[in-house]
Amino acid sequence: MLNPFRRALRLPGRLGARLITGTEKVRCGYGNGDCLLVDCRHGVFAVADATERFPQASRRLLGQLAHAVCLNGPPGDELEFKGLLERIWSRQKYIHRTTLSCVVVVPHGGGAIMVANNGDSSVTLVSPDDGRLLFRSGADMNFAGRSQHPNPVSTLAMSGVPPLTLLATDGAGKVAERLDRALLKTPYRIVERLTGQRQSGHGETDDMGVIALATRDRVADTGESVIMGGTRPGVESAFGRRTGEMAALDRWDELAAWKHHPEGLARAGIQIF
């Protein structure tokens, strides 16, 4: 289910994703450099965070990643994952600097996921039973468009109840430290709580993109992939004005239904393919 006005996705019990735009971006007419990729069918999920100068750099990188996965399927092991990242990395121009945090759910891997983290976005794994921190990626300066190669990828094998996996841009901060344990088994409510806290606060806020995932296998059979964010200058200022046309986007519906409204999705900075 997608709500374009809220820039939010949800799949009850399995997935939540949301993107918000910082106050300065709306006020000054900048684009939102944060971008999310949700590909449930292939089990590929990613966030990227580009600079104000070229906010669409994140969307270019995630678009190439999504296109490669749609054509060839998801990587089946670390060697394939590394090769895929190397190919899209080499196509990113120097001025198109962006982070990349990505997880691939290993098919029939018994709960294993492959993790790639580059820059100061993050991947965090939390126990849904007690909130215990299982894994958190480190931040570095290895940005696509600036470094020659992506960081090495790794495989995390989990047993028992699948962990809650959180991908977040730096605007989310250390998300695992602000989780309400009562929400740990409801991914969308976690995303809503985190982004809602930022939006309801006072003062300036940064862009923020979060994906929360609770699964040990392919999330859904849907053939659609979704990219949201990485918008060009001017889009956020127009999008923030709740005109009648924009208000019509404030409803939850299936992805297949929203594919018939490409103009509205484009105004919200969302692409379904």
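Numerical summary
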{"read-out": "Accessible surface, 1.4 Å probe, highest first, among residues PHE239, PHE54", "value": "PHE54, PHE239"}
{"read-out": "Per-residue SASA entry for TYR94, accessible area with 1.4 Å probe, Å² rounded to 10", "value": "140"}
{"read-out": "Fraction in percent of alpha-carbon pairs per bin - 10 Å, the range 65-158", "value": "15, 45, 31, 8, 0"}
{"read-out": "By accessible area with a 1.4 Å probe, ligands and nucleic acids excluded, highest first: order of ILE95, ILE88", "value": "ILE95, ILE88"}
{"read-out": "Alpha carbon centroid spacing (whole Å) that separates the range 1-53 from the range 231-273", "value": "12"}
{"read-out": "Residues with amide H under 5 Å from that of LEU134, placed H, sequence gap 5 or more", "value": "LEU125, VAL126, SER127"}
{"read-out": "Sequence of MET1, MET114 from largest to smallest accessible area, 1.4 Å probe", "value": "MET1, MET114"}
{"read-out": "Surface accessible to a 1.4 Å probe, LEU71 within the full protein complex, Å²", "value": "120"}
{"read-out": "Nearest-10 value in Å² for the accessible area of HIS42, using the 1.4 Å probe", "value": "40"}
{"read-out": "Rounded percent of accessible protein surface that carbon and sulfur make up, the chain, 1.4 Å probe", "value": "50"}
{"read-out": "Mean residue ellipticity (222 nm) of the chain, computed from DSSP H runs ≥ 4 via -39,500 (n - 2.57), nearest 500", "value": "-7000 deg cm²/dmol"}
{"read-out": "For the chain: lysine pairs under 28 Å (alpha-carbon distance), excluding those fewer than 8 apart on one chain", "value": "6"}
{"read-out": "Simple Cβ-charge dipole of the range 2-272, Lys/Arg +1 and Asp/Glu -1, about Cα centre, in debye nearest 20", "value": "320"}
{"read-out": "Dipole-positive endmost among THR21, GLY234, ALA257 within the range 2-272 (Cβ charges, Cα centre)", "value": "GLY234"}
{"read-out": "Rounded if a/c under 1.5, otherwise prolate or oblate - the chain, Cα gyration tensor axes", "value": "rounded"}
{"read-out": "Accessible surface, the chain, averaged per residue in Å² (probe 1.4 Å)", "value": "44"}
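The values are calculated or read from the model by the stated rules, or taken from the named source; none is laboratory data. For clarity, every value in this text was computed on a predicted model and none was experimentally measured. No Cβ is skipped: glycine too gets one built from the backbone with ideal geometry, and neighbour counts run over all protein chains shown. Heads up: the accessible areas ignore ligands, DNA and RNA and are worked out on the full protein's heavy atoms, side chains in. Shrake-Rupley method; radii C 1.70, N 1.55, O 1.52, S 1.80 Å.
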